[in-house]
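The values are calculated or read from the model by the stated rules, or taken from the named source; none is laboratory data. Because the structure is a prediction, the values reported are computed rather than measured. Neighbour counts run over all protein chains shown; Cβ positions are idealised from the backbone, glycine included.
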Amino acid sequence: MRIKTETLNSRKTTWLLVGAGAAMVAGRLVERGLEKGWRAARNEDPPELGRRGDSWPAALAWTAISAATVAAVELAARRGAHVGLRQLSGKRPPAHL
């Protein structure tokens, strides 16, 4: 019984690491893309905490846009990693992931 539990824990760890790694990479790439997009659209740097001259509406818009986009892309990347790992291994992800 112990071997089965260790195997399950190993599979869970693998699934978690692959999903988290994909989400981290995707999130960072999207953050960079958002910053470049903001600069292209507004001809200025994105709002920054404590910097004088940044308006509240611009800061709130930046926060909402970046948070929603990064969260959606990380979710999609994690899901894509799980689907890819499932196709490679032929096994379903462990429950509750």
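For the reader, a short list of remarks on this structure follows.
- Scanning the stretch 35-84 for residues being modelled with pLDDT of 90 or more and at positive phi gives a total of 1.
- Only one entry in 22, 64, 71, 59 is over 19 Å from the mean Cα position of the chain (by Cα) and not hydroxyl-bearing (Ser, Thr, Tyr), namely 59.
Every residue, every condition in (1) surrounded by 13 or more Cβ atoms within 10 Å (Cβ to Cβ); (2) touching a Phe, Trp or Tyr at 6+ places or on another chain (Cβ under 8 Å); (3) closer than 19 Å to residue 13 by Cβ, yes or no:
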{"position": "27", "(1), (2), (3)": "yes, no, no"}
{"position": "32", "(1), (2), (3)": "no, no, no"}
{"position": "38", "(1), (2), (3)": "yes, yes, no"}
{"position": "53", "(1), (2), (3)": "no, no, no"}
{"position": "72", "(1), (2), (3)": "no, no, no"}
{"position": "79", "(1), (2), (3)": "yes, no, yes"}
{"position": "86", "(1), (2), (3)": "yes, no, yes"}
{"position": "90", "(1), (2), (3)": "no, no, yes"}
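- Selection from the stretch 66-97 of residues that are touching a helix residue (DSSP H, G or I) at 6+ places or on another chain (Cβ under 7 Å) and not charged (D, E, K, R): 66, 69, 70, 73, 77, 80, 81, 82, 85, 93, 94, 97
- Pairing residues of the stretch 21-40 that are in contact (Cβ under 8 Å) with a residue 40 or more places away in the chain and part of a helix (DSSP H, G or I) with residues that are of a type in the set (Asp, Glu) and crowded, with 17+ Cβ neighbours inside 10 Å, at Cβ distances under 7 Å and at least 6 apart in sequence or on separate chains, gives 23/74; 26/74; 27/74.
- Within the stretch 55-70, considering residues that are of a type in the set (Gly, Ala, Ser) and under 20 Å from residue 27 (Cα atoms), the one surrounded by the most Cβ atoms within 10 Å (Cβ to Cβ): 66
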